[in-house]
Number of protein chains: 2
Amino acid sequence: MRPDFERNGGLIRVIAQDAVTYEVLMDAFMSEEAFDETMRTGRVVYYSRSRMRIWRKGEESGHVQLVRSIRINCNRDALLILVEQVGLAACHDGYRSCYYREITDDGWKVISERVFDPQVVYGKKGT
Amino acid sequence: MRPDFERNGGLIRVIAQDAVTYEVLMDAFMSEEAFDETMRTGRVVYYSRSRMRIWRKGEESGHVQLVRSIRINCNRDALLILVEQVGLAACHDGYRSCYYREITDDGWKVISERVFDPQVVYGKKGT
């Protein structure tokens, strides 16, 4: 059984969750090529829709994700990957998780600490 | 600040995570209308792409999701919602989580117990 890449124009959704703390770190997409490389290498590879190419997570920052477990959803069009997040942060804004803001009665509030300065890690902007 | 509904044709991605165990239960989509109703009622409302309409989670099964916390990602095009899952299961296949299969050397293997029989809950097939 393979993920169903046909259902959504060649891409599947992927959620990356910390294998130890269960924190949801990020979500993104995979093409079939990205999926196959992830399976082969044990490092998470996504597909960047904005850059329209394979995106080896951490290729600029060094913050790679090592695969600990891969799960598939009922519809076979999305994966949940439990990962070991190398280098503290998954988010290019410098937070461990991309979900670093929570809604409150006073609007969205940052609930995590920044663990790196994106300008230092990427120069301008990165992955 | 609102989620960015423009970026992906009117829909945002939504991950539902158990607020107590941190298990990822499912992921789906929300339209602006679904988001607003979720915010107003405290019950998770999705948008069903196959049925092309608002989908009040649990409307058939009774397995509603009560909002405990809503988080937004760096790009503002996805939400992580911590929920109280009423009625044991989020998945229409009868498992607590839609991610009930894990890849092994022998292929995909079911790693969770079925907590209800879909045929009893839905008749044929449901949400």
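Laboratory data are not the source of any read-out in this text; all were calculated from the coordinates shown. Bear in mind the structure is a predicted one, so any value in this text is a computation, not a measurement. Reconstructed Cβ throughout: ideal geometry from the backbone, glycine too, with neighbour counts over all protein chains shown.
Under a model in which nothing but the beta-carbon of Lys, Arg (+1) and Asp, Glu (-1) is charged, the protein assembly as shown shows a dipole of about 380 debye around its Cα centre. The phi-based Karplus calculation (6.51 cos²θ - 1.76 cosθ + 1.60; θ = phi - 60°) puts the 3J(HN,Hα) values of the stretch B:101-107 at 10, 10, 7, 10, 4, 9, x Hz, whole numbers, x for Gly and Pro. On the beta carbon distance between residue A:75 and residue B:66, with R0 = 25 Å, the FRET formula returns roughly 0.55. Note on A:13-19: average number of Cβ atoms from other chains within 10 Å of each residue's Cβ is 3. Each Lys and Arg contributes +1 and each Asp and Glu -1, all at the Cβ; summed about the Cα centre of chain B, the dipole is approximately 300 debye. Take each residue of peptide B:60-73, count the partner chain Cβ atoms within 10 Å of its Cβ, and average: the result is 3. Coupling constants for the stretch B:71-84 follow from the phi torsions by the Karplus curve (6.51 cos²θ - 1.76 cosθ + 1.60, θ = phi - 60°), and in residue order they are 10, 10, 7, 4, 8, 6, 10, 8, 10, 10, 10, 7, 10, 9 Hz; glycine and proline get x.
Think of it as helices only: each DSSP H run of n ≥ 4 in the protein assembly as shown is worth -39500 (n - 2.57), and spread over all residues that comes to -3000 deg cm²/dmol at 222 nm. Remark on residue A:64: its backbone amide H falls under 5 Å from those of A:86, a criterion applied only to residues 5 or more positions apart or on other chains, H modelled at 1.01 Å from N.
Per-residue 3J(HN,Hα) values for the stretch B:11-28, derived from phi via the Karplus relation 6.51 cos²θ - 1.76 cosθ + 1.60 with θ = phi - 60°, read 10, 10, 7, 9, 9, 9, 10, 4, 5, 9, 8, 6, 5, 6, 8, 5, 9, 7 Hz in sequence order (x marks Gly and Pro). Helix B:32-41 versus the longest principal axis of chain B: what angle, 0 to 90°, nearest 10, using Cα atoms? Rounded to the nearest ten degrees, it is 80.
Dipole of the protein assembly as shown computed with +1 at Lys/Arg Cβ and -1 at Asp/Glu Cβ about the Cα centre; of A:22, A:38, B:20, farthest Cα towards the positive end is A:38.
Remark: mean inter-chain Cβ contacts per residue of B:23-31 equal 3, using a 10 Å Cβ-Cβ cutoff to other protein chain atoms. Roughly what would the spin-label model give for residue A:7 and residue A:102, points 7 Å off Cα along C-beta, in nm? Going from the residue A:7 label point to the residue A:102 one covers 3.1 nm. Ordering of A:34-40, B:10-16, B:106-112, B:36-42 by packing is B:10-16, A:34-40, B:36-42, B:106-112, highest average first (other Cβ atoms within 10 Å, averaged per residue).
On a per residue basis, the convex hull of the C-alpha atoms belonging to the stretch A:12-120 measures out at 127 Å³.
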